1. What pairs can you find where one residue is in region 124-146 and at positive phi and part of a loop (DSSP other than H, G, I, E, B), the other is surrounded by fewer than 17 Cβ atoms within 10 Å (Cβ to Cβ) and at pLDDT 90 or above, and their Cβ atoms are less than 9 Å apart, with a gap of 6+ or different chains?
2. Having 1 or more residues that are farther than 26 Å from residue 30 by Cα and in contact with a strand residue (DSSP E or B) (Cβ under 8 Å, 6 or more places away or on another chain) is the bar; report the helices (runs of 4 or more DSSP H) wholly within region 164-272 that clear it.
3. Name the single residue that is surrounded by the most Cβ atoms within 10 Å (Cβ to Cβ) among those in region 247-256 being free of Cβ contacts under 8 Å to residues at least 12 places away in the same chain and under 12 Å from residue 272 (Cβ atoms).
4. Which of the residues that make up region 134-157 are modelled with pLDDT under 90 and touching a helix residue (DSSP H, G or I) at 6+ places or on another chain (Cβ under 6 Å)?
5. Can you tell me which residue in region 257-273 is nearest to residue 231 (Cα to Cα), limited to those that are more than 33 Å from the chain's Cα centre (by Cα) and in contact (Cβ under 8 Å) with a residue 12 or more places away in the chain?
């Protein structure tokens, strides 16, 4: 059995290649407990969660990584958020039936956006590429090729119980070795992993199954978990942007303002007194610090 909800890094000791393997168990179930998805869409969302965890492990940042696939096909949106602390949440939106079809066909004329939102006031970074590829893995390989210029391969899988993924990346900042075939060999061997093996086997067995003739260093496992970043404070900020008139209009019609988080199902309610406090705080300016 796999060791669920963990991410493990490995490197090839004598080649400029790194890898990551992720397994999501309770984290994936927490997403499925909140909404029932069509089977094809469910599996794509699980694969995208695995991809997000793998991508987070390759980056050095403090904050949130947000990945979005948007289009005008039956699948309108796939969105995954993963923090630098490896907490995750995810959601998908669709219209009508979602058939067993390639990703590009289900999304239509779509795009893939990857956003890094730092937590301490640093500049936000976003890369957007056209959605290309028959699968989530191919779409992200294309993203790495276009946006990051890094040779990257991904293998992703998901079912109703778990999601998993493996990443290989050729490191440009490490010197080349005499083994010129190392990258091609690593990718070829990685491509022999089956969907069932990726989902069912623990990391050390996957590494042995694929690379028992290579010199591999496997690092300690890092936990991954579900956590929603919604809060009453964030909802208040959104309501302030709507403006006093819009909020009063909703209150007049419905009596309260209700906001439901699509990620976790939490409900936030605001009555007239709450609404007044929202906008009263905007006019509460601190006294000037002056001397006479």
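1. Close Cβ pairs (under 9 Å, with a partner that is surrounded by fewer than 17 Cβ atoms within 10 Å (Cβ to Cβ) and at pLDDT 90 or above) amount to 133/102.
2. Because the criterion is at least 1 residues that are farther than 26 Å from residue 30 by Cα and in contact with a strand residue (DSSP E or B) (Cβ under 8 Å, 6 or more places away or on another chain), the helices (runs of 4 or more DSSP H) in region 164-272 that meet it are 182-190, 203-211, 232-242, 244-254.
3. In this case the residue turns out to be 250.
4. Passing the criteria: only 150.
5. Checked region 257-273; the qualifying residue nearest to residue 231 (Cα to Cα) is 271.
Conditions (1) without any contact (Cβ under 8 Å) to a residue 40 or more places away in the chain; (2) touching a helix residue (DSSP H, G or I) at 6+ places or on another chain (Cβ under 7 Å); (3) closer than 19 Å to residue 279 by Cα, marked per residue:
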| position | (1), (2), (3) |
| --- | --- |
| 185 | yes, no, no |
| 188 | yes, no, no |
| 205 | yes, no, no |
| 219 | no, no, no |
| 230 | yes, no, no |
| 240 | no, yes, yes |
| 245 | yes, no, yes |
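The values are calculated or read from the model by the stated rules, or taken from the named source; none is laboratory data. Just so we're clear, the structure is a prediction, and the values are computed from it rather than from any experiment. Cβ sites come from the backbone with ideal geometry, for glycine too, and all protein chains shown count toward neighbours.
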